[in-house]
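Reviewing the structure listed below.
Bear in mind that the values in this text are calculations on the coordinates, not laboratory data. Just so you know, these numbers come straight off a predicted model, no measurement behind them. Every residue, glycine among them, receives a Cβ derived from its backbone with ideal geometry; neighbour counts consider all protein chains shown.
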Amino acid sequence: MKKVTLLEVYFLPPMAMARLGNSEIPLEAYSWEEDLRAHSACQTIIRPQISFWVRPDGSLEAYLPHEIRFKDDGKIRPVAPFFELWADVVVAGEGQQQVPVTLALLADLGVSLEQHLLIRAHAANTKASRRVKDPACSFGARLTIRGDDHLKHNLLAVSPSFPEREPLVYEDAPISLGHVQLIRPVAGQSLEQDLSCVRVRFTPAKGEVYGSTEATMGAVSPLEPGRQLPYASIAARMHEIVPAANRILNPHTPWSEYIMDSGMADDPQPSDSYDGANVGESICWGTVDDTCEIVLYAELTVKGQRFTASTRAFVAPPDYAPDRRPFFSMADELADRELSPVEITAETAELTALEVHDLFKRIFETTNLLNLDASRDYLIRENLKRAPVDNWQSPPHIGREGMTKADKPLSRLSGDVLNDGLSDQSQGHSRLPYTDMSAHAHGSFTSLDYLITFLKMRGDRVRQMIRPPFGSFKQLPAEPAADSHPEFRDPRVFRDTLHDMRMPPYMRDSDREPLSLTRRQYQTLMTFLTFLEQQEGNAESTAQSPVTPASEMPS
Amino acid sequence: MMSEQPKIFPRNLTARLAYQAAGNPVSSRLEDEVGNCFPGLGIDIRNLDRRFFPGLVFNFAGREHRELDPEIPNLYGARLVSVEDECDADLHQSNPMAIALLAVFHSPQGRELRQGEWFIDTLEQAGKTIALYDRNSKGERIPMDGMAVWRIVRSLSPGHVGLTLMRRDLTEADGQHPTITLNGWRRQFVDPKTGTLNEVYQPGELVQSLCSPWQHDMRDCACMYWASNRPDIVFAEVPAKTEEELLESEDANLRLDWLRSDREATGRVFAPNSYRKLRQYQMDNHEINKRWTELNFALESREISETYTPPERDAQDPDETDQDLN
């Protein structure tokens, strides 16, 4: 037995997405990889990876699927992530190590599952309480699981009780937010996977909708998203809101009376994001779902000291296009907030090229499934509601001229293909001309060689084409400028909040304004352009200096 | 032979997020979740900023129709929801700035903050101060809308932040609203060592502003940014087994509206080019609460029924094979 000193325990991954599904069988593991078939355009595909079947006794068996099954007889398989417990330890004679917590490590530490390990879980759905500012309209569940308990535990959520407040979810009619299971570690391996690791699995709920007895049949707006259908012109279709078995909520809470934009509720934006919105007076039907955010904790007691670890899962809808990746992901968002800008040196240039290439591939993957014609049409109309007159005569235009020949030289490609830009008219044989053009344009960049050549030759064009992100606080002037800055946008500058053809075109950011890359992505791309230009300029010189992100403009 | 092109880049990930746990599909990773969220499908990351300043919790109160002047401008901006100095682990006593901040929270000024309607009035970082005001259509100064305030808060870098709070529901004898200035810092949202989200965020807090139910947004958000998880358009499923059969298929290039209500053969028509034209043929709100499981997964941009079999890997490079044999 080794002499081991425990320094820390932690879960991996530290955060994860779980995804709803009503099948009893979770989705198997798969990874992203490159498709190099002749006609594949080097797109991303998914490939099965080693997956785990949970035996009735709670232990695992590994296997490698040949295919990925997303549904079982029409029921969607949930994404139920595993979380592994790891430890930072000092092993006598070997030094400090990061290792998974296994049965062997527990033995080395002189502790056991049943006496020294607890798993705790706290899951909650606070959507309704956020709207109505009433904690009794939240609902949540807490669990404590002993280290030798390997059953699946149901997260039965109820609303907290407070004097003089009506609980939304009754104690005798809880809502399941999913299950937590401490996997039974067993000695041995299966397909080279160590089955003696301590793992916790969270299985999300089934995607059910709940309401009160009043949530029976409801009228819905047949209008476009965000458009209000007044009672006076009701031409609505009717649908069941909540199945009879799920009409279990308290009908006497503020959630059943909520109306958006009343000015009393600090409405989160967009405010019309609940059943009942945009029809008549937008009175809420009082419905909730079974999504949640869950925090899992491990407590390992060693020699009278408690070591704790935590991890977090967010329950999302299914990813219906699992081989198409967002170019602005949640990971990118966190990196943008917390990580330093990328510095490009001769040593990191190749990695940066791969990162930039991957960014362009992700853009291509998104454009494959985006109806750009429809979003362009919609957001140009949004623009024209806010700015009926185009006061900016030079490209890129904010109105119907956007992404047409009027936007030349910016719209070099679309200007040649699309003469009038009236998306309502068929353009030759293409029914979705902007969509097709976008896929065509970005398809070329799936070749690394082509992309690098393009960036080297057309760096100025790329700088013009990419919409700058909103500036950092350091960049923003104390008083807003009269018009846009070429390197960053300012939320106080009206023109910076209007859509145009710059990339990414006609998409929305988190504040409903035109989407850009993250600041970090943008800086990386712009710095890489400079690096490539220096590389070209210094082709015959012997040394290159590192390229760091351009210093941000002082106010 | 498969490419060496990586799909995961640890340099661009916060601590420990690069780890791939065995048994998990890649759709459990944060790289698979759309980051720009209005409000998002799985996480509304804007909720991080409601606790950007240790000890304080804000709501970013915005309005739906920002193109119109607000009837009551004072309702909008970053409203102080609560002072939570007692349960904020970032305010530990080993940090001199935390000690100073706690002293304010525990002072008469701190007690004042716990009553009335306080909003952020100005933000300061690195010697620069930005006042959170806007102009209405008459050119009059009005409080900035909550979403624009959020954007400016989001622009802060880690490090010192000064903020001035103004109480809007009280006017003093001199006609001015009371103000309180605090000095603190922009919170670190992700622990740089463990990679976990700061534990000040309560379970449910990062998803509290998502749609209720989630299906409502799946249907009714003018999304324009979720296509990688929730497609706008997809190619129709065809019964081809090989690429050649696919190319010969009549429907190979038929591009469908993914959210169409008619899932039968009669619904297999080209997606129109505007939301106005496609809306009436899509699933409705309420309807989607029950029918979301009928929506197809799309692989390689094409709808599938229930399973996906990836293409065979190409034969190994002959040179590599030779090396293996040597």
*Can you work out the PRE-style zone for B:Asp169? Point 7 Å along Cα to Cβ, and I want the residues of region B:45-81 with backbone N under 20 Å.*
B:56-63, B:71-81
_Relative contact order for region B:158-228: what percent, with Cα pairs under 8 Å and sequence separation of 6 or more?_
23
_Given contacts defined as C-alpha pairs under 8 Å and at least six residues apart, what's the relative contact order of region A:1-74, whole-number percent?_
23
_For peptides A:343-354, B:227-238, sequence by mean Cβ density within 10 Å, most packed first_ = B:227-238, A:343-354
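For region B:13-207, what does the alpha-carbon gyration tensor say about shape, rounded, prolate or oblate, given a ≥ b ≥ c as the root eigenvalues, a/c under 1.5 as rounded, and a/b over b/c as prolate? Before the final figure, lay out the partial values.
Details: a/c = 2.33, a/b = 1.37, b/c = 1.70.
The shape class here is oblate.
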_Using a 10 Å cut-off around each Cβ of peptide B:190-203, what is the average number of partner chain Cβ atoms that fall inside?_
6
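About its Cα centre, what dipole magnitude does region A:330-552 give when the only charges are +1 on Lys and Arg Cβ and -1 on Asp and Glu Cβ, stated in debye to the nearest 20?
620
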*Using the Cβ atoms and a cut-off under 10 Å, what net charge is assigned to the surroundings of B:Arg16, where Lys and Arg are +1 and Asp and Glu are -1?*
0
*Rounded Å value of the spacing that divides the Cα centres of region B:66-87 and region A:184-261*: 28
_Give me the one-decimal nm value for the distance between modelled label points at B:Gln176 and B:Glu264, 7 Å along each residue's Cα-to-Cβ direction._
7.3
_How big is the dipole moment of region A:240-329 about its Cα centre under a simple scheme where the beta carbon of each Lys and Arg is +1, that of each Asp and Glu is -1, and everything else is neutral? Debye, nearest 20, please._
740
*With Cα atoms, 0 to 90° folded angle of helix B:96-105 axis to chain B main axis*: 70
*Please give the length that would be gained between A:Arg146 and A:Arg431 if that part of the chain were fully extended, namely 0.36 nm times their separation in residues minus their C-alpha to C-alpha distance (nm, one decimal).*
96.6 nm
*So what is the relative contact order of chain A, in percent, for Cα pairs below 8 Å that sit 6 or more residues apart?*
13
*Assign unit charges at the C-beta atoms only (+1 for Lys and Arg, -1 for Asp and Glu), then state the dipole size of region B:13-207 relative to its Cα centre in Debye, rounded to the nearest 20.*
400
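Evaluate E = 1/(1 + (r/R0)^6) for A:Arg69 and A:Leu354, where r is the Cβ-Cβ distance and R0 equals 25 Å; express this FRET efficiency to the nearest 0.05. Don't skip to the end; give the middle numbers.
Details: r = 32 Å, r/R0 = 1.28.
Once rounded, the FRET efficiency stands at 0.20.
I need the GluC sites (Glu not before Pro) found in region A:239-304, filtered to DSSP loop residues with at most 15 other beta carbons within 10 Å of theirs. Write down the numbers at each step before the final one.
Values: sites: A:Glu240, A:Glu257, A:Glu281, A:Glu293, A:Glu299; in loops: A:Glu257, A:Glu281.
Sites meeting the loop and neighbour criteria: A:Glu257, A:Glu281.
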*Taking R0 as 25 Å, what's the FRET efficiency between A:Lys456 and A:Glu487 from their Cβ-Cβ distance, rounded to 0.05?*
0.75
*asked:* If I model a spin label as a point 7 Å beyond the Cα along the Cα-Cβ vector, how far apart are those points for A:Ser262 and A:Arg37 in nm?
replied: 5.5
*Relative packing of peptides A:282-290, A:513-521 - highest average C-beta neighbours within 10 Å first*: A:282-290, A:513-521
*A:Arg381 label point, 7 Å along Cα→Cβ, cut-off 16 Å on backbone N: hits in region A:223-267?*
A:223-230
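Which shape class, rounded, prolate or oblate, goes with the protein assembly as shown when its Cα gyration tensor gives a ≥ b ≥ c as root eigenvalues, a/c under 1.5 marks rounded, and past that a/b bigger than b/c marks prolate?
Values: a/c = 1.18, a/b = 1.02, b/c = 1.15.
The shape class here is rounded.
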_Of A:Asn383, B:Gln176, A:Val91, which is farthest towards the positive pole of the protein assembly as shown's charge dipole, taken about the Cα centre with +1 and -1 on the beta-carbons of Lys, Arg and Asp, Glu respectively?_
B:Gln176
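Take peptide A:361-374, look around each residue's Cβ out to 10 angstrom, count Cβ atoms belonging to other protein chains, and average those counts. Walk me through the numbers on the way to the answer.
Working: counts 2, 3, 1, 0, 3, 7, 2, 9, 14, 9, 14, 5, 6, 14.
Neighbouring Cβ atoms belonging to other protein chains average 6 per residue here.
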_Estimated FRET transfer efficiency (A:His252, B:Ile99; beta-carbon r; R0 56 Å; 0.05)_ = 0.75
*How well do other chains shield peptide A:115-128, expressed as the mean number of their Cβ atoms within 10 Å of each residue Cβ?*
3
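Per-residue ellipticity at 222 nm for chain B, helices alone: DSSP H runs ≥ 4 residues times -39500 (n - 2.57), over residue total, nearest 500 deg cm²/dmol? The partial results should precede the final answer.
Values: 8 runs with 55 residues, N = 326.
The helix-only estimate for chain B comes to -4000 deg cm²/dmol at 222 nm.
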_I want to check the label-to-label distance for B:Glu244 and A:Gln96. Put each point 7 Å from Cα in the C-beta direction and report it in nm to one decimal._
6.1
*Given 10 Å bins starting at zero, what is the percent of C-alpha pairs of region A:330-552 in each, up to the one with the largest pair distance?*
7, 31, 36, 21, 5, 0
